[in-house]
Amino acid sequence: MICLVVFLLSTLTEIISAKGTGIIKFLTYEDSTSCGIWSTSRCDFYFKNFKVRSGGRDVTSIYRTATAQETQTMDLTQILDPVSDIDLITDGTVTISYEVWDDDWITDDFVRSLIGLRVEFESVQPGDPWKEQVWQYEWGYLKVEFKITSCADHFTGYGCNSCSANWYGDECEECGVNWDEENGCKECLSNWAGDNCEECAGNRDGENCDVCKLGWSGDNCDSCALNWNGTNCDRCDDHWTGANCDVCEMHWSGENCTECADHF
C-alpha cells in the first residue's frame, strides 16, 4: 500500500546573521512512500541528521527526532524544541538538510535524504509578511514559511544585503565620502553640505572645501577677508581694487590706501 505521510513542522528556527535576523517556520512534509507489507500499514516516520545551516555552518543539528507512530501527520512542536537566538556568520545562504526514515520493528528503513534545500531569504526584507516556499517532488513536497525580522546596524533591503544610506563596504562599516562617522553618518563633515555631502558648506571652496571663497575669511569662512566688504563680501573696501582687493585705487596710496598719491 502506498502510505501518505504528512509532517506538519511548526517549529520556529530563528536565523540571526551578521547582516540580519530571520525566522523559518516548517509547515508540511508529504511523502507517498510505500511502508510495510500490509495494505493497511502506515509509516512510522522520523527525521534523522536534521540540520539548518547558514553560511556553511550548522545553525542547529538534531541527530534524530521522535517517531510519529502510524500516523499521516506529525506535529514537530511536540518533539523538537524551538531553536532561537543563534548568532551566525553567513554569506546569506541558509539551507535545510535531513534524512527520512521508517521506524520498523526489526530494522529501520531509510527512505530518502534531502540535502541543501536553499531558503530564499534574499527575496524578502524586514516588514514583509511570511513568504511561502515549496520544494516539490514526484513523491511529495516540503513546505516552509520564512521572513526577515530585522537587519543588523547599517544593513537594509532584500536579504539585508544592502548598506543603509551613507554606509559602504562589504560589511557596511565605512562611512560615505564627506560624511561624519562619529554622528552615525547622518551628517556631513563640517566643511561639506548637500544631500550627498558633495558641496562645500557655507562660504568654503577648494577641492577639499578647506579654503574660503574669494572675499571670505575666518575659521568658518564667516567674515569678510581683509579689504573686502559688503553683505556677501563681494566688493572691495573704499580705495581698494583688483581681483583680490589688494591694490590701491588710482590716486590712492599708503599701507591702507588712505593717502593721496603724489601730486593729488
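The values are calculated or read from the model by the stated rules, or taken from the named source; none is laboratory data. Being a predicted model, the structure only gives us computed values, none of them experimental. Backbone-built Cβ (ideal geometry, glycine too); neighbour counts: all protein chains shown. Please note that ligands, DNA and RNA were not included when accessible areas were found on the heavy atoms of the full protein model with its side chains. Shrake-Rupley method; radii C 1.70, N 1.55, O 1.52, S 1.80 Å.
Please give the contour-minus-distance gain from Ser223 to Arg57: 0.36 nm per residue of separation, less the Cα-Cα distance, rounded to one decimal in nm.
Numbers: separation 166, 0.36 × 166 = 59.76 nm, distance 6.10 nm.
Taking Ser223 through Arg57 to full extension adds about 53.7 nm, to one decimal.
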Å² per residue, accessible surface of region 158-264 at 1.4 Å: 69 Å²
Pairwise FRET efficiency - Asn232 versus Thr149, Cβ, R0 = 41 Å, nearest 0.05: 0.20
Potential extension, Asp104-Glu181 segment - 0.36 nm per residue separation minus Cα distance: 21.4 nm
Percentage relative contact order, region 126-264, counting C-alpha pairs under 8 Å, at least six apart: 8 percent
Quotient of C-alpha Rg and 2.2 N^0.38 Å, computed over region 85-201: 1.67
16 Å Cα-Cα reach of Lys25 towards aspartates and glutamates, excluding residues that sit fewer than 8 places from it in its own chain: Glu14, Asp75, Asp81, Asp85, Glu120, Asp128, Glu132, Glu145
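Between the DSSP loop rule and a limit of at most 15 other Cβ atoms within 10 Å, which GluC sites (Glu not before Pro) in region 125-176 are left?
Glu138, Glu171, Glu173
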Label point distance in nm, Gln136-Asp205, each placed 7 Å from Cα along Cα→Cβ: 6.8 nm
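For the pair Glu198 and Ser162, what calculated FRET efficiency results from E = 1/(1 + (r/R0)^6), where r is the Cβ-Cβ distance and R0 = 30 Å, to the nearest 0.05?
Result of the calculation: an efficiency of 0.90.
With a sphere of radius 12 Å drawn around the Cβ of Asp108, what net charge do the other residues whose Cβ falls strictly inside it have (Lys, Arg +1; Asp, Glu -1)?
-4
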Cα→Cβ-extended label distance, 7 Å offset, between Asp128 and Asp170, nm: 2.5 nm
Rg and Dmax [Cα atoms of region 182-224; Å; Rg one decimal, Dmax integer]: 10.8, 34
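Which whole number of Å³ per residue matches the convex hull of the alpha-carbon atoms in region 178-249?
Hull volume normalised by residue count: 85 Å³.
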